[in-house]
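Each reported figure results from applying straightforward, stated rules to the coordinates on display, with no laboratory input. Just so we're clear, the structure is a prediction, and the values are computed from it rather than from any experiment. Cβ: placed from backbone, ideal geometry, glycine included. Neighbour counts: every protein chain shown.
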Amino acid sequence: MAPSTTKQWTVEGKNGFDSLKWDEKAPVPTLGAKDVLVKFHAASLNFRDLAIPKGKYPFPIKEGVVPGSDGAGVVEAVGANVTRFKVGDKVATLFNQGHLAGSLNPAVLSTGLGGSMDGTLREYGTFDEQGLVNMPKNLNFFEASTLPCAALTAWNALYGLKPLQPGQTVLTQGTGGVSIFALQFAKAAGARVIATTSSSEKADLLRKLGADHVINYKENPNWGEQAQSLSPGGLGVEHVVEVGGPTTLKESLKAIKIDGVISIIGFIGGFSKDQPSFLDCLNNICTVRGLLVGSRQQFEDMNAAIEVNDIHPIVDEKIFTLPELKDAYQYMFDQKHFGKMAIKIAE
């Protein structure tokens, strides 16, 4: 019998992590004819999750929303007209529930989990069957919970506009979730990877994951030119997975190859008045694109690649439980993690 209540977090206000409120007996949403009830086993955190309770997220937020876009679990019950899943299936959530294929539109942008729709940081959640995908068979729940945002964003960056080709070069920044996934996907595709980081310890880890070159951006603030020089023929890199935003874009433009693609997916470096203009895209003859995660079709393509290449997401060794969510937020905010931050919800 399906449960009637669930333990969950909600975001009440924009006063920082104290805006996170715990509820031990929230009602489980009613199961519609095309809905699927998921018992979550794990969730994972993104930079976006930290920005929302601090009032720094630029997209729509529902008051009292259940946070978290990323989760993995087991189908507990299905509506009468559900055809895509059955009880017992292992599934992961789609970030934008309405983004099934093709381009984004305003309606799709209003379907983001943990923002305008209730998310994954709860024991049980009800979702339209179109907003879920089957987990890759080679992953556990912690690993699968990291896929909906960071992994799919990295996949879109490399394959959403000009698909990455074997022998090309990708520049990644840091050791956050998107950057690590981009490194793993690029190596699986037979590409070179130049990675930046600020610590020798993380540089060693990046090399173990397959990075061909690692640049310490604190030791060399002019890392864009160094990245260009490390590319074949010194011509520049075909793809930059840009996570820093205004503070790093200037260097990314130095590194990019003619007709290359810079995919802007974040702003973890903060904001800066001193940043490149649109004309710099012309001067460097490149494409600079913003993207927001990806579609279900891309998710399913990515999962197929994860299975056939036996790719395993990098999950931080410290795992928090659902009641410890505030501590997990702070741990991530303090940048103590490597790879993805996972939350244990059920056994």
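Taking N as the number of residues in the stretch 161-290, what value does Rg over Cα atoms divided by 2.2 N^0.38 Å take?
Numbers: Rg = 13.2 Å, N = 130, 2.2 N^0.38 = 14.0 Å.
After normalising by residue count via 2.2 N^0.38 Å, the value is 0.95.
Extension gain ALA33-GLN335, at 0.36 nm per residue separation less the Cα-Cα distance, in nm?
Length gained, ALA33 through GLN335: 104.5 nm.
Taking the Cβ-Cβ separation of LEU291 and LYS25 as r and a Förster radius of 41 Å, what is the calculated FRET efficiency to the nearest 0.05?
Taking R0 as 41 Å, the efficiency between LEU291 and LYS25 is 0.60.
Could you give the length gained by full extension between VAL308 and ALA80, i.e. 0.36 nm per residue of separation minus their alpha carbon distance, to one decimal place?
Stretched fully, the VAL308-ALA80 segment lengthens by 78.7 nm.
Counting Lys and Arg as +1 and Asp and Glu as -1, what is the net charge of the other residues whose Cβ lies under 15 Å from the Cβ of ASN134?
Net of charged neighbours comes to -1.
Just subtract the alpha-carbon distance of ASN216 and SER277 from 0.36 nm times their residue separation and send over the number in nm, one decimal. If you can, show how the numbers build up before the last one.
Numbers: separation 61, 0.36 × 61 = 21.96 nm, distance 2.57 nm.
Result for the pair: 19.4 nm of gain on full extension.
Express the C-alpha Rg of the chain as a ratio against the empirical globular expectation 2.2 N^0.38 Å, rounded to two decimals.
With N residues counted in the chain, Rg over 2.2 N^0.38 Å equals 0.98.
How far apart, in nm, are the 7 Å Cα→Cβ label points at GLU324 and LEU209?
About 2.2 nm separates the two model spin labels.
Rank GLU251, GLU300, GLU219 by mean-square fluctuation in a GNM of the chain with C-alpha springs under 10 angstrom and give only the top-ranked residue.
GLU219
Where the centre of each part is set by its Cα atoms, how far does the stretch 146-208 sit from the stretch 1-43, in angstrom?
33
Counting other C-beta atoms within 10 Å, which of PHE59, PHE17 has the fewest, and how do the rest follow? Present the calculation step by step, with values, prior to reporting the outcome.
Numbers: PHE59 13, PHE17 16.
Placing the least packed residue first, the sequence is PHE59, PHE17.
Just to check I understand the Karplus step: with θ = phi - 60° and J = 6.51 cos²θ - 1.76 cosθ + 1.60, what whole-Hz values come out for the stretch 39-49, glycine and proline as x?
Ordered by residue, 3J(HN,Hα) equals 8, 6, 9, 7, 9, 9, 9, 10, 4, 4, 4 Hz.
What are the radius of gyration and Dmax of the stretch 160-213, computed over its Cα atoms and given in Å?
Cα-based Rg and Dmax for the stretch 160-213 come out at 10.6, 33 Å.
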